[in-house]
There are 2 protein chains.
Amino acid sequence: MMDFGQHMPERDEIQLVDVLHALADPVRLQIVRHLAGSDGDASCSTIPLPVTKSTASHHYRVLREAGVTRVRCEGTHRYHSLRRDDLDARFPGLLDSVLASSAEGSLPHA
Amino acid sequence: MMDFGQHMPERDEIQLVDVLHALADPVRLQIVRHLAGSDGDASCSTIPLPVTKSTASHHYRVLREAGVTRVRCEGTHRYHSLRRDDLDARFPGLLDSVLASSAEGSLPHA
């Protein structure tokens, strides 16, 4: 089923367990690392992922619904960005430690 | 099935996604917070959890197999402790940020 809804939690609604679950996947960590290294937002078509388009859509949705990313629609394109300010405000240091850890070759699929 | 094996990854084998997955659960976060506040290790019988014994066993196993905790058997008792040194070495700042974030009432079941 396509997910045309764009549910995204407000900052205060973001739950730690949801964020940890969203980050607990090699593909989603790959997306998060790509977005962390992007200026502004990125079209999903520019993020190379080793999965099918529908699987990628699932991963983008998990990240968005957990509050890790936001999405902006422009025509038929979707542009994703990290909610770094919201995550840093809710869970200080978490995103930075995950990004630093995942950048050091500790990802099995990285 | 009871898990009599005591598989536990070596420090270098601990994977970020496994640790994030292990932490992405309210009951397991409750265990981790309890262990973080304990001197040394703690018998599972002293950690109050809102789940059945077999469900608790599952959670302890997930934590151990991910490398978050270690277990020491003494007679019929099992004593759990956080692998804080190993986690801090592998993923600097991760455990501290998760503990600080989970302590601030951001857990739905805390």
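Whether any residue in region B:35-42 is surrounded by 13 or more Cβ atoms within 10 Å (Cβ to Cβ), part of a helix (DSSP H, G or I) and at negative phi is what I want to check. Taking every residue of region B:35-42 in turn, at least one turns out to be surrounded by 13 or more Cβ atoms within 10 Å (Cβ to Cβ), part of a helix (DSSP H, G or I) and at negative phi. Taken together, the criteria place A:SER57 among residues that are away from chain B (no Cβ under 11 Å), touching a residue at least 40 places away in the same chain (Cβ under 8 Å) and more than 22 Å from A:GLU13 (Cα to Cα).
Since B:ALA22 meets every condition but one in (1) modelled with pLDDT under 90; (2) under 23 Å from A:ASP18 (Cβ atoms), which condition does it not meet? Condition not satisfied by B:ALA22: (1).
If you go through region A:70-110 and keep only what is among the small types (Gly, Ala, Ser), modelled with pLDDT under 90, touching a helix residue (DSSP H, G or I) at 6+ places or on another chain (Cβ under 6 Å) and part of a loop (DSSP other than H, G, I, E, B), you end up with just A:SER106.
Taken over region A:80-102, residues that are more than 13 Å from chain B (Cβ to nearest Cβ) and open to solvent by 50 Å² or more (accessible area, probe 1.4 Å) amount to 2.
For region A:24-36, the criterion of being of a type in the set (D, E, K, R) and more than 12 Å from chain B (Cβ to nearest Cβ) is satisfied by no residue at all. Selection of region B:47-67 for residues being on the phi < 0 side of the Ramachandran plot, among the small types (Gly, Ala, Ser) and crowded, with 20+ Cβ neighbours inside 10 Å yields only B:ALA66.
If you take the residues in region B:68-79 that are touching a residue at least 40 places away in the same chain (Cβ under 8 Å) and open to solvent by 50 Å² or more (accessible area, probe 1.4 Å), which one is farthest from B:ALA24 (Cα to Cα)? The residue in question is B:CYS73. Against the criterion of being in a helix (DSSP H, G or I), in contact with a helix residue (DSSP H, G or I) (Cβ under 7 Å, 6 or more places away or on another chain), of a type in the set (Val, Ile, Thr) and without any contact (Cβ under 8 Å) to a residue 40 or more places away in the chain, A:VAL17 qualifies. Looking across region B:20-53, just one residue is polar (S, T, N, Q) and closer than 15 Å to B:SER101 by Cα, and that is B:GLN30. Evaluating B:GLU13 against the criteria (1) in contact with a Gly (Cβ under 9 Å, 6 or more places away or on another chain); (2) open to solvent by less than 70 Å² (accessible area, probe 1.4 Å) leaves one unmet condition, (2).
The values are calculated or read from the model by the stated rules, or taken from the named source; none is laboratory data. It should be emphasised that the depicted structure is a prediction, and the values quoted were computed from it without experimental measurement. Methodologically, a virtual Cβ is constructed for each residue, glycine included, from the backbone with ideal geometry; neighbour enumeration extends over all protein chains shown. To get the accessible areas, we keep the full protein, side chains included, count just its heavy atoms, and leave off ligands, DNA and RNA. Shrake-Rupley method; radii C 1.70, N 1.55, O 1.52, S 1.80 Å.
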